[in-house]
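The values are calculated or read from the model by the stated rules, or taken from the named source; none is laboratory data. On a predicted model such as this, the values are computed, not experimentally measured, just so you know. Backbone-built Cβ (ideal geometry, glycine too); neighbour counts: all protein chains shown. To get the accessible areas, we keep the full protein, side chains included, count just its heavy atoms, and leave off ligands, DNA and RNA. Shrake-Rupley method; radii C 1.70, N 1.55, O 1.52, S 1.80 Å.
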Amino acid sequence: MAKSSKYVSKTPDENGIIHWSVEENQIWQELVERQLKCIEGKACNEYLEGLKKINLPHTRIPQLHELNAVLKNETGWQVAPVPALIDFDEFFRLLANKQFPVATFIRSREEFDYLQEPDIFHEIFGHCAMLTNPAFAEYTHQYGKLGYAAEKKDRVYLARLYWFTVEFGLMQTEQGLRIYGGGILSSPGETQYVYSGKPEINPLEVLDVLRTPYRIDIMQPLYYTINSINDLFDISKMDIMSLVEKAKELGLFEPKFPPKEKLAS
Ligand SMILES: [Fe+2]
């Protein structure tokens, strides 16, 4: 999660409608059309099926109630408008209540290709399709409940599990390597990069994931794969907090990235 943001979320009106400008809708359209091409043959089937269900408009940013109608029907999830940045407590509280936080701002044209904060394009295009999948939805719900109950010192471990699944998860399928992580699916650069032969790609073991440091501002040097979306359902039934304890005992893996450059003081 970014620590500060130049963006401010838009407030819905009394009917829950967010009024987007022509330029904001135009940015959405360009992002959607570019990314739909980019994920061809790369997104997993569950994502593509979900995309059909949520039926995103191309020429304007969807209103949250449109998504809610579909999600409610499929898995009981909802999307909730939130400020540009929320803290972990609020993040977990929302997930624990089957509410997926959506920051209601869209990136500026200057940050068309990359921005650190999750904007509405990332949240909706990246995550909402997967939330129509029952196994993914259950995993995310259980994760929220676990995180909400967890102490601060344990939440940093849980954050890695979310990062390497919901955000940057890959799946080995009969058709080859496929993406289900929203952080990749909403990023043209990272979608290509996954297939570049550069990153290390390992089968997901929860204990390994809990011990893997990551940086939010670089292409990931390492991804973890599941074999089926049902693996996430199985993980949601595991005793994850005992694995967190084990991860603490064993310590973190050596980072596969250079340390962030220190700001000159
Ligand atoms: Fe995300």
Scan (1) part of a helix (DSSP H, G or I); (2) away from the ligand (no atom under 16 Å from the Cβ); (3) among the aliphatic types (A, V, I, L, M) for the single condition L177 breaks and write down its number.
-> (1)
Among (1) in contact with a Lys or Arg (Cβ under 8 Å, 6 or more places away or on another chain); (2) in a loop (DSSP other than H, G, I, E, B) - the single one I106 does not satisfy | (1)
All positions within the stretch 102-125 that are among the hydroxyl-bearing types (S, T, Y) and either within 10 Å of the ligand (Cβ to nearest atom) or more than 18 Å from L64 (Cα to Cα) (or both) = S108, Y114
Residue ID - nearest to D231 (Cα to Cα), chosen from residues in the stretch 180-201 that are open to solvent by 50 Å² or more (accessible area, probe 1.4 Å) and not in a helix (DSSP H, G or I) = I201
Quick check: anything in the stretch 95-103 over 25 Å from Q192 (Cα atoms), free of Cβ contacts under 8 Å to residues at least 12 places away in the same chain and not in a strand (DSSP E or B)?
-> no
Those residues of the stretch 216-252 which are assigned to a loop (DSSP other than H, G, I, E, B) and closer than 30 Å to Q175 by Cβ, in sequence order | I216, I218, M219, Q220, P221, N227, S228, I229, K237, M238
Going by the structure shown, is P81 open to solvent by less than 30 Å² (accessible area, probe 1.4 Å) and either assigned to a strand (DSSP E or B) or more than 16 Å from F105 (Cα to Cα) (or both)?
-> no
For the stretch 30-40, enumerate the residues that are touching a residue at least 24 places away in the same chain (Cβ under 8 Å) and open to solvent by 40 Å² or more (accessible area, probe 1.4 Å).
-> E30, E33, R34
Is the stretch 202-213 home to any residue that is farther than 17 Å from Y139 by Cβ, within 16 Å of the chain's Cα centre (by Cα), surrounded by 15 or more Cβ atoms within 10 Å (Cβ to Cβ) and modelled with pLDDT of 95 or more?
-> no
